[in-house]
Amino acid sequence: MTLEELKQEFDVKKAPGGLIIKKWRGKGSRCVIPDGVIGIDDDAFWSCKNLQEITIPNSVTSIGESAFFSCSGLKEIIIPNSVTSIGKCAFQHCSNLAKLTLPSSITSIGSAAFDDCSSLTEIVVPDSVTSIENFAFRGCSGITVYIGSGLQEFNALAFEYNHFMDFRVSEQNPALSAIDGVLFNKDKTELLCYPHGKQSEYVIPDGVTSIGEAAFCGCGMTKITLPDTVKSIGERAFEHCNMTEIAISNGVTSIGDKAFSWCDNLTEIAIPDSVTSIGEFAFSQCVSLTAVRLPHKLKELNDYTFSRCTKLKTVELPNSLRKIKMWAFQDCESLSQITFPEKLKTIGWQAFHGCKSLEKVILPPGVKTSRNSFDEHTAVAISEADISEVDTSATQEVIEKKAFAGSDITSLEVKEGIKKIKEQAYKGCKALKTVSLPRSLTDLGSCVFDGCQMLSSVTYHGDSLIKIGKNAFRGTRFEKEYSKDVKSTSSPCTLSEETMVCLGSTLLFCQVNTEEVIIPAGIEGIAPFAFRKCPQLKRVSVPQTVKWIAKEAFVPDGEKSPSPSLEIYAAVGSAAEKHALKELAFFVPIPPEKAADGHVFEEYKLVKDTEYKKQYFSHLHQRAESEMTSAARYKVICEYQQAISDDGDDIFVEETEVRRLFADPDFLGLFYDWEQRAIKQKSGIFVKKDRIIPSEVAASFLVKLLAALVAFSESPVKATIGLNKDKWEYRGDYGSSSKLYVGIGQCGRVYARLERQESWDM
């Protein structure tokens, strides 16, 4: 065949020594590769489903990756002795391939090379083959495997999920052997692979000391007996087996990762005391397992060991246990009772998360737990002692984390001298009705009274600042009583004793829903979610007396952050300014000498003192450069961009600055957050390819972000943005002829307009 004739049937490329076939152009059932071709390239015969016969000449030395992938019509193939390597997935999904001849020249078989060749009846591995990669013969069923003398290291994953009938091994093989079709190492001390097509029960021979990786993986047998000589069970050894029972011999010391995972029919298992280590996921997803007894020498329980054993009811933990790692019993939803050993030191993150039936647990003193170690419905206690038995004298200043969680107390009087009650100290005390807090108290941790569903009265005997943690009163009657009847009003509201609930000088709940709120002088702290029932809140005046504001103070129900339109009015350098800049709220600066309590919002919507504006801008710019992320920097500076221009003047920005803004990952994260919240309010910021389409409230935010670029740009303009009769219009795309226009609108608000060829009425 001439080169021109060859090119009519094949796409080829030149290589040292000859030609390589890139693609077969034929559509028929038969293909003859001419002499002289030295290689078959990757994907050369990809999914040629009509191909039934292929002739490969002795000149070919390599078959590339996925070369005959999914050639489902191919029934037989003879690979010549010139071929030294077969690439991964070379014959994958050739489901009708019934006869395969591998050459004596080949040294390795690539990953998934014959995966899912389900019609093969036998596989002869030549003496020349020294390695078979993962999944090479996965899914091949009902066949006999003949292993030559060259393969010395067996890879169980190469034959994963097989349904072989037998293994046969050359007597000259120095490393492998077979007994009754089961594959072992040469001295028969390690069981390497059990063919899935054999009988449903199997007794492992005496003398075997270890079960190899994935040795029984996917087997359909119902019963396996281990001899006392077995010392170790390898990774995935019995994964996905259908067995209902297994007797682990007393000599076993280690159980590998995923050794029994996904054994759906296994109901009980007795782990002998000789076992000292159990791997990750060892019994994960054993959905029929109901009871477990752990060995007396076990010191730690690994990640996911019994995760999602949904029917597991009882677990016996040994006294030797020191550590329960992450997710060890995750989603064991039937587990109703467990006793922890006294010397237990650590319970990992989400170790018992999702254990819905576990109503109450008692932890030994000194044990360390992590966030979400237990399900939110589980009451966790260090001691079951009544509150009256606990020393709360003036010499004691702290009530520790979870100290009385889940206890049956009905009333609580914390003694004078206590300064701090740590997180979850009384969580889940379902009978608790009244609480009395001392004057000395300064810190109430997160979730302190979480789930105290009968709590309706809280008395505080002081008037100083208390720092209150997140969800301190979640699920209590106290919270519900003071937040269910929040009054709505359209006029500015100065909070009073009737419209707010305080613990000392800490604002706990706001009981009015309005767009504008004035917090009175004397308030020193604002607790988490204090304004959660105020979804309409747009402006809040914060006095200089406020020393701290919780991160979630202004977050409404169902949200993760404050309203996109929230403006905070306060003095420069105050706690309120720091909160606004950190949480990316719009901060309106009030000159210190004019920062009297009870601000008139209209008076300060536009700060008219030009010199003061410039001073504040300088102050803000310095902070932005030294303290803030780029996202925060863009956000806070834009609010005061008017400080460097006269009202109505144009401010110009390079197009490259616009592109830089939207290439900034910090900004994009901020932008996406605001976009999603605005969409939730049916007024969103939408990004379509290179088009930015803002609307209503979201538009104001976008405009200010674009204006922020001005603070960092000294170049003339190349793109234009603006507002026309309260409708946002966009024409054209960014380009050398387009312009970015940023101007000052009513009340000094910065706005922008992007001129485009198309327009949308928003």
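The values are calculated or read from the model by the stated rules, or taken from the named source; none is laboratory data. Predicted model, so just to flag it, every value in this text is computed and none were measured. Don't worry about glycine lacking a Cβ; one is built from the backbone with ideal geometry, like all the others, and counts go over all protein chains shown.
So which strands (runs of 3 or more DSSP E) are wholly in the stretch 222-276 and hold at least 1 residues that are under 23 Å from Thr310 (Cβ atoms) and at pLDDT below 95? Even if it seems obvious, please write down each step before you answer.
Numbers: elements: 223-225, 245-247, 268-270.
Correct list: 245-247, 268-270.
Restricting attention to the stretch 550-567, which residues are touching a His at 6+ places or on another chain (Cβ under 9 Å) and more than 20 Å from Val486 (Cβ to Cβ)?
Of everything in the stretch 550-567, just one residue is touching a His at 6+ places or on another chain (Cβ under 9 Å) and more than 20 Å from Val486 (Cβ to Cβ), namely Lys551.
Can you give me the number of residues within the stretch 502-539 that are part of a strand (DSSP E or B) and not polar (S, T, N, Q)? Steps first, answer last, please.
Initial filter on the stretch 502-539 (part of a strand (DSSP E or B)): 502-503, 506-510, 512-513, 516-518, 525-526, 539.
Filter once more, so that each one left must be not polar (S, T, N, Q): 502-503, 507-510, 512, 516-518, 525-526, 539.
Residues that pass the stated criteria total 13.
Would you pick out the residues in the stretch 366-404 that are modelled with pLDDT under 75, exposed (fewer than 14 other Cβ atoms within 10 Å of the Cβ) and not in a loop (DSSP other than H, G, I, E, B)?
Ser388, Glu389
Six or more apart or on different chains, Cβ under 7 Å: which pairs go from a residue in the stretch 75-98 that's of a type in the set (Asp, Glu) to one that's surrounded by fewer than 23 Cβ atoms within 10 Å (Cβ to Cβ) and in a loop (DSSP other than H, G, I, E, B)? Could you list them?
Filtered contacts from the stretch 75-98: Glu76/Ala98.
Determine whether Cys219 is in contact with a Lys or Arg (Cβ under 9 Å, 6 or more places away or on another chain) and closer than 30 Å to Ala291 by Cα.
Numbers: in contact with a Lys or Arg (Cβ under 9 Å, 6 or more places away or on another chain): yes; closer than 30 Å to Ala291 by Cα: yes.
When the stated conditions are applied, Cys219 passes them.
Show the residue pairs meeting these rules: Cβ distance below 7 Å; 6+ apart or different chains; first residue within the stretch 307-335 and on the phi > 0 side of the Ramachandran plot; second residue of a type in the set (Phe, Trp, Tyr).
Short answer, once both residue conditions are applied: Trp327/Tyr304.
Which of the residues spanning the stretch 567-590 are within 18 Å of Ala527 (Cα to Cα), small (Gly, Ala, Ser) and surrounded by fewer than 21 Cβ atoms within 10 Å (Cβ to Cβ)?
Ala575, the sole residue that qualifies.
Working only within the stretch 293-327, note down all residues that are in a strand (DSSP E or B) and in contact with an Asp or Glu (Cβ under 7 Å, 6 or more places away or on another chain).
Initially, the stretch 293-327 is screened for residues in a strand (DSSP E or B), giving 293, 300-301, 314-316, 323-324.
Listed by number, the residues that qualify are Arg293, Lys323.
Among the residues of the stretch 188-209, is there at least one that is assigned to a loop (DSSP other than H, G, I, E, B), of a type in the set (Lys, Arg), surrounded by 17 or more Cβ atoms within 10 Å (Cβ to Cβ) and in contact with a Phe, Trp or Tyr (Cβ under 6 Å, 6 or more places away or on another chain)?
Within the stretch 188-209, the first condition is being assigned to a loop (DSSP other than H, G, I, E, B), and the residues that meet it are 188-189, 194-200, 204-209.
Okay, now just the ones that are also of a type in the set (Lys, Arg), so 188, 198.
Checking which are surrounded by 17 or more Cβ atoms within 10 Å (Cβ to Cβ) leaves us with 198.
Checking the rest, the ones that are also in contact with a Phe, Trp or Tyr (Cβ under 6 Å, 6 or more places away or on another chain) come to none.
Checked against the condition, which is being assigned to a loop (DSSP other than H, G, I, E, B), of a type in the set (Lys, Arg), surrounded by 17 or more Cβ atoms within 10 Å (Cβ to Cβ) and in contact with a Phe, Trp or Tyr (Cβ under 6 Å, 6 or more places away or on another chain), the stretch 188-209 yields no hits at all.
Among what's in the stretch 509-566 and is closer than 19 Å to Ser491 by Cβ, surrounded by 19 or more Cβ atoms within 10 Å (Cβ to Cβ) and within 32 Å of the chain's Cα centre (by Cα), pick the residue that is modelled with the highest pLDDT.
Once the filter is applied, the top-ranked residue is Phe531.
I'd like to check something: does the stretch 33-50 contain any residue that is in contact with a helix residue (DSSP H, G or I) (Cβ under 8 Å, 6 or more places away or on another chain) and farther than 29 Å from Thr130 by Cβ?
Within the stretch 33-50, one or more residues are in contact with a helix residue (DSSP H, G or I) (Cβ under 8 Å, 6 or more places away or on another chain) and farther than 29 Å from Thr130 by Cβ.
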